[in-house]
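Chemist: Take a look at the following structure, please.
The values are calculated or read from the model by the stated rules, or taken from the named source; none is laboratory data. Note that the structure is predicted; figures quoted are calculated from it, not measured. Note that each Cβ is placed from the backbone with ideal geometry, even for glycine, and that neighbours are counted across all protein chains shown. Please note that ligands, DNA and RNA were not included when accessible areas were found on the heavy atoms of the full protein model with its side chains. Shrake-Rupley method; radii C 1.70, N 1.55, O 1.52, S 1.80 Å.
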There are 2 protein chains.
Amino acid sequence: MSLEYAILGFLNYHPYTGYDLKKIFDTSIRHFWPADQSQIYRTLSRLTENGWAEMEKIPQEDRPDRKVYHITDAGRAELMQWLSGPPPMGEPRSAPLIQIFFAGQLSDEALIAKFEGFAAIMRAILAQYDQIPGQLGPYQDEITSPREHFFWLLTLENGIANMRSNLEWAESIVERIKNGHLPPQ
Amino acid sequence: MSLEYAILGFLNYHPYTGYDLKKIFDTSIRHFWPADQSQIYRTLSRLTENGWAEMEKIPQEDRPDRKVYHITDAGRAELMQWLSGPPPMGEPRSAPLIQIFFAGQLSDEALIAKFEGFAAIMRAILAQYDQIPGQLGPYQDEITSPREHFFWLLTLENGIANMRSNLEWAESIVERIKNGHLPPQ
DNA sequence: ATACAATATAAGACTTAGCATATATAGGAA
DNA sequence: TTCCTATATATGCTAAGTCTTATATTGTAT
């Protein structure tokens, strides 16, 4: 359901095609909710079936017609209700932690390499975050009012805070292993 | 694929039935990888097809026969290779952040309530973490060597660190809104 | 007396997401 | 010349996970 509301959120700013939305996703919320092109198109159909969006066909030559989706009053009401409701928490899922849970099978040297590698990945993701804000390209004007921009930055802050805490966690483990705090096999 | 390796990891400690595994999951790695009962049974079948586990049927009266799964040499090799490989990162997905991204639609008062509610959820999850370690019940002896226990605690530390950083994030936003740093609608 | 929990496995239906591929044309790069 | 990219939508297939229900008995709680 999350994708439905993400799309409704953007349609609430401005009417868009599936193609537009894919590019908007990739330059804005991709860092916490990547979306597949086919998934976006299917979800737009569903929004229309639900009466939350309406499709306007704009004919083109040489290319498929553009299908511009507009949010409806019902869609706007649904969005506001969802935004007002509780955070949609969902179950936590971290595949890397599965690897860590069973990592006692590895040698101490392999473990140091593993956590150093993990720290390196976190640093790389942090470096990526630095390049995210303010590249909405042609959609810039339609979306980024100061208030909207504020909340965009909050989602980035959250990602950065989490990555930093993961980085510190990994680094502290390397320290502990080097200091002999890891029980032997 | 993650579930396959989680199950292989436990079978590497000791042979288990699907029923056992469900209870072990719920009392150990549930906080970062919850698993459905039907999913566990299906995955055990797949492990057997792959030659990574073997099933031993233990007849019972009045109840379905127990099917105890043993890891094979091939399964152990596969597990070790996976553990030695890179962290299986996977795409980040956070439905709550979608809500935050579009939350500028809400009033300032509603926003303070939202972030305070978010902080309360984080505190509740942190309180839950305190009660996780050392309740493996009847499976305690088979699994928790000091080294295994060390890595279990590391996964808990990671969850706690992330929840704390989310909590601080939410609290700092409440502060900022109260101090008038939120652009008006 | 009746309902619920524990023991044990299984399959069907459904949702979400991901990957590949198809269609069709124009323009720029190698 | 050939290949890649941009524009624009759509479908088929698969994987992973969730929810529900089925079967069958014993013991415990209300």
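Chemist: Long-range amide H contacts for A:Tyr16: which residues qualify at under 5 Å (H placed 1.01 Å from N, peptide plane, sequence gap of 5 or more or a different chain)?
Modeler: Amide H neighbours of A:Tyr16: A:Tyr69.
Chemist: State the percentage of accessible surface on segment A:2-84 attributable to carbon and sulfur atoms; use a 1.4 Å probe and exclude ligands, DNA and RNA.
Modeler: Working: 1910 of 4250 Å².
Solvent-exposed carbon and sulfur of segment A:2-84 make up 45 percent of the total.
Chemist: Still on this model: Select from B:Leu136, B:Leu111, B:Leu156 the residue whose mean-square fluctuation is largest in a Gaussian network model of chain B (Cα-Cα springs shorter than 10 Å).
Modeler: Maximum among the listed residues: B:Leu111.
Chemist: Would you please name the GluC sites (Glu not before Pro) within segment A:1-72 that are DSSP coil residues with at most 16 other C-beta atoms within 10 Å of their C-beta? Write out the running numbers ahead of the final one.
Modeler: Numbers: sites: A:Glu4, A:Glu49, A:Glu54, A:Glu56, A:Glu61; in loops: A:Glu61.
Sparse-neighbourhood loop GluC sites (Glu not before Pro): A:Glu61.
Chemist: While we're on this one: With a 1.4 Å probe on protein heavy atoms only, work out how much accessible surface B and A bury together, total over both chains, in Å² to the nearest 100.
Modeler: Numbers: alone 12460 and 12450 Å², together 18260 Å².
Separately minus together, B and A give about 6700 Å² buried.
Chemist: Sticking with this one: Angle between the Cα long axis of helix A:73-84 and the longest principal axis of chain A, 0 to 90 degrees, nearest 10?
Modeler: 20
Chemist: A follow-up question, please. Can you give the three extents of the C-alpha atoms in segment A:95-178 along their principal axes, from longest to shortest, in whole Å?
Modeler: 54, 19, 19
Chemist: Taking each pair of distinct Cα atoms in the protein assembly as shown once, what is the resulting Kirkwood hydrodynamic radius in Å?
Modeler: After inverting the pairwise mean of 1/r, the radius is 23.2 Å.
Chemist: OK, next. Select from A:Ser84, A:Ser94, A:Ser28 the residue whose mean-square fluctuation is largest in a Gaussian network model of chain A (Cα-Cα springs shorter than 10 Å).
Modeler: A:Ser94
Chemist: Same structure, new question: Would you mind listing the distances between the B:Arg123 label point and the same position in each other copy? Use 7 Å along Cα-to-C-beta, nm, one decimal, shortest first.
Modeler: 3.7
Chemist: Could you tell me which of rounded, prolate or oblate describes segment B:29-87, using a ≥ b ≥ c as the square roots of the eigenvalues of the alpha-carbon gyration tensor, with rounded for a/c under 1.5 and, failing that, prolate when a/b is larger than b/c and oblate otherwise?
Modeler: On the way: a/c = 2.89, a/b = 1.47, b/c = 1.97.
Judged from the Cα gyration tensor, segment B:29-87 comes out oblate (a/c at least 1.5, b/c at or above a/b).
Chemist: Averaged across the residues of B:1-12, what count of C-beta atoms belonging to other chains lies within 10 Å of each residue's C-beta?
Modeler: Mean number of neighbouring Cβ atoms from other chains: 3.
Chemist: Distances from A:Asn179 to the same residue in each other copy, label points 7 Å out along Cα→Cβ, in nm, shortest first?
Modeler: So the distances to the same position in the other copies read 3.3 nm.
Chemist: For label points placed 7 Å from Cα toward Cβ, what is the shortest-first list of nm distances from B:Asp36 to its copies?
Modeler: 1.7
Chemist: Test of understanding: in a Gaussian network model of chain B with alpha carbons linked when under 10 Å, which of B:Gly117, B:Gly104, B:Gly90 would top the mean-square fluctuation ranking?
Modeler: Ranking B:Gly117, B:Gly104, B:Gly90 by mean-square fluctuation puts B:Gly90 first.
Chemist: Once both axes come from the Cα atoms, what is the angle between helix B:108-129 and the longest principal axis of chain B, in degrees from 0 to 90, rounded to 10?
Modeler: Once rounded, the angle reads 30 degrees.
Chemist: Further, regarding this structure: P(r) for chain B: what percent of alpha-carbon pairs falls in each 10 Å bin, starting at zero?
Modeler: Going out from 0 Å in 10 Å bins, chain B shows 8, 27, 27, 18, 12, 6, 1, 0 percent.
Chemist: Could you tell me how many degrees, from 0 to 90 and to the nearest 10, lie between the Cα long axis of helix B:18-27 and the main elongation axis, the longest principal axis, of the Cα atoms of chain B?
Modeler: Helix B:18-27 sits at roughly 30 degrees to that axis.
Chemist: Name the nearest-to-axis residue of chain B, judged by Cβ distance to the rotation axis taking chain B onto chain A, and quote that distance in whole Å.
Modeler: Taking Cβ atoms only, the nearest residue and its distance are B:Ser165, 2.
Chemist: Shifting gears a bit: Report the relative contact order of chain A, percent, no decimals, based on alpha-carbon pairs under 8 angstrom and at least 6 residues apart. Kindly include the intermediate steps, with their values, before the conclusion.
Modeler: On the way: 145 pairs, mean separation 43.3, N = 185.
Here the relative contact order equals 23 percent.
Chemist: For a test of understanding, tell me how many lysine pairs in chain A have Cα atoms under 29 Å apart, given they are 8 or more places apart or on different chains. Spell out each step's value before the answer.
Modeler: On the way: A:Lys22/A:Lys57; A:Lys22/A:Lys67; A:Lys23/A:Lys57; A:Lys23/A:Lys67; A:Lys57/A:Lys67; A:Lys114/A:Lys178.
The number of close lysine pairs in chain A is 6.
Chemist: For chain A, report the accessible area per residue in Å² (1.4 Å probe, heavy atoms, rounded to an integer). If you can, show how the numbers build up before the last one.
Modeler: On the way: 9130 Å² over 185 residues.
Accessible area per residue: 49 Å².
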